[in-house]
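The values are calculated or read from the model by the stated rules, or taken from the named source; none is laboratory data. If you're wondering where the values come from, they're calculated on a predicted model, not measured in any experiment. As a convention, Cβ positions derive from the backbone with ideal geometry for all residues, glycine included, and neighbour counts pool all protein chains shown. Accessible surface is based on the protein model in full, side chains and every heavy atom, while ligands, DNA and RNA are left aside. Shrake-Rupley method; radii C 1.70, N 1.55, O 1.52, S 1.80 Å.
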Amino acid sequence: MWDRTTGFGRWHYIIKRSLHFVRGSRLLSLGSNNASIEIHLLRAGAVKEVVVYERDKDYASQGQFLLAACEWADNAKYNLRYVLADMQEAVNVEGGFDCAMALCSLYYLSEHDMRRVVEAISKRSPRFILQCNIREGIGREESDQYRRASQEFAIELLRGAGFDDISITAPKGFSRPLVEGCRGVESI
């Protein structure tokens, strides 16, 4: 639970300190498992609405439970909506978003599908945050996943979709850097 690479640990170690959101913004999250980061963003008032794409119904159920528990504990209602579907289906999401993010998830798609998703989302959001995983030798399903999970590939992917302002948050010794692409807005 407090591992700095996942869940609450990731929130406290890198997300909370590194990413700044415009209050009242709308967030699209791809492959977010139990949405603990997204719930933290809502609880902190950093965003007002989150649409989450998650294909695993067990993770979505965990997320709904976590959301209900936080709403009960905070005596508040948070605007988080799960779409139980593969993150590739987000290419069909309606409306615009202030930010999109895929934390350690997008690189599980093929390169072709990654490009298709990022290009489609770039038309709906001026900001996209990708979290990479640069650890080697962790038994990936296919060897090309190491390249697709790299910081260099994330930069190239975002630039290719028109995100011209790229920033990187990569604490020394941390294997999951954040790569943020912005288009037509100042980097935050």
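Distance between the modelled labels on A68 and D144, one decimal in nanometres: 4.2 nm (7 Å Cα→Cβ projection).
In segment 39-79, which trypsin sites (Lys or Arg not before Pro) are in a loop and have at most 14 other Cβ atoms within 10 Å, using DSSP for the loop call? Those that pass, being in a loop and sparsely packed, are R55, K77. Computed from backbone phi, the HN-Hα couplings of segment 88-95 come to 4, 5, 5, 4, 9, 4, 9, x Hz, rounded to whole numbers (Karplus: 6.51 cos²θ - 1.76 cosθ + 1.60, θ = phi - 60°; Gly and Pro given as x).
Full extension of the chain segment joining D58 with E111 gains 16.4 nm, where the gain is 0.36 nm per residue of separation less the Cα-Cα distance.
Classify segment 49-102 as rounded, prolate or oblate from the Cα gyration tensor: take a ≥ b ≥ c as the square roots of its eigenvalues, call it rounded if a/c is under 1.5, otherwise prolate when a/b beats b/c and oblate if not. Here segment 49-102 falls in the oblate category.
For the chain, the fraction of 1.4 Å probe accessible surface lying on carbon and sulfur atoms is 49 percent. If the segment from S25 to A76 were pulled out straight at 0.36 nm per residue, it would be longer than the present Cα-Cα gap by 16.6 nm. Over the chain, how many pairs of lysines fall under 29 Å by alpha carbon, counting only those 8 or more apart in sequence or from different chains? Close lysine pairs under the 29 Å cut-off: 10.
Judged by the mean number of other Cβ atoms found within 10 Å, the most tightly packed of the peptides 84-97, 124-137 leads the ranking 124-137, 84-97.
Taking label points 7 Å from Cα along the Cα-to-Cβ direction, K172 and R135 give a separation of 2.1 nm. Here the chain is treated as a Stokes sphere of Kirkwood radius computed over C-alpha pairs; at 25 °C and 0.890 mPa s its diffusion coefficient rounds to 148 µm²/s. Looking at the chain, the accessible area is 49 square angstrom per residue; that uses a 1.4 Å probe and ignores ligands, DNA and RNA. Stokes-Einstein, applied to the Kirkwood radius of segment 124-186 over Cα pairs at a viscosity of 1.306 mPa s and 10 °C, places its translational diffusion at 130 µm² s⁻¹.
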